[in-house]
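Chemist: Mind looking over this structure? Questions follow.
No lab work stands behind these numbers, since they all come straight from the coordinates. Model, not experiment: these values are computed from the prediction. For neighbour counting, all protein chains shown are included, and Cβ atoms are generated from backbone atoms with ideal geometry for every residue, glycine included.
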Amino acid sequence: MSNLKQLKQLRDKVERIDLAIIKKLGQRFKLTKEIQIVKKSLKIPLLQEERELKLLEKYTKLGESLEISKGLIVDIYKKVFSYVRKYGNINRWKNR
């Protein structure tokens, strides 16, 4: 196999993984909206910083076992959590 063909195959694999990541993020955001609705009905605080910290710890440990830097995992999930708060209107219900 030529190096150019191998490069294309590898890039195609990376692209398929990227598309799967985007689809999984979409599923995750849909679930977080459902979670927010349930929490609101149960009068559970929507913002649970302690849970976020526990998740970050869990995810960074997994990331490090896969040779992914802790900093990258933290950056990614802080963005994800921020997005959920911003676009899921979690801040609107924070003090209710």
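Chemist: Output the qualifying pairs, or none if there are none: Cβ atoms under 8 angstrom, residues six or more apart or on different chains, first residue in the stretch 1-26 and closer than 30 Å to Phe81 by Cβ, second residue hydrophobic (A, V, I, L, M, F, W, C) and surrounded by 10 or more Cβ atoms within 10 Å (Cβ to Cβ).
Modeler: Final answer for the pair search is Leu25/Val80.
Chemist: Check Tyr87, Tyr77 and return the single one that is surrounded by 10 or more Cβ atoms within 10 Å (Cβ to Cβ), at negative phi and in contact with a helix residue (DSSP H, G or I) (Cβ under 7 Å, 6 or more places away or on another chain). Step through it out loud before you land on a result.
Modeler: Details: Tyr87 fails: in contact with a helix residue (DSSP H, G or I) (Cβ under 7 Å, 6 or more places away or on another chain).
Being surrounded by 10 or more Cβ atoms within 10 Å (Cβ to Cβ), at negative phi and in contact with a helix residue (DSSP H, G or I) (Cβ under 7 Å, 6 or more places away or on another chain) holds for just one of Tyr87, Tyr77, which is Tyr77.
Chemist: Okay, moving on. Considering each residue of the stretch 20-44, count those that are within 14 Å of the chain's Cα centre (by Cα) and not small (Gly, Ala, Ser), and give that number. Before the answer, list the steps.
Modeler: Going through the stretch 20-44, the residues within 14 Å of the chain's Cα centre (by Cα) turn out to be 20-33.
Still in the running and not small (Gly, Ala, Ser): 21-25, 27-33.
Counting residues in the stretch 20-44 that are within 14 Å of the chain's Cα centre (by Cα) and not small (Gly, Ala, Ser) gives 12.
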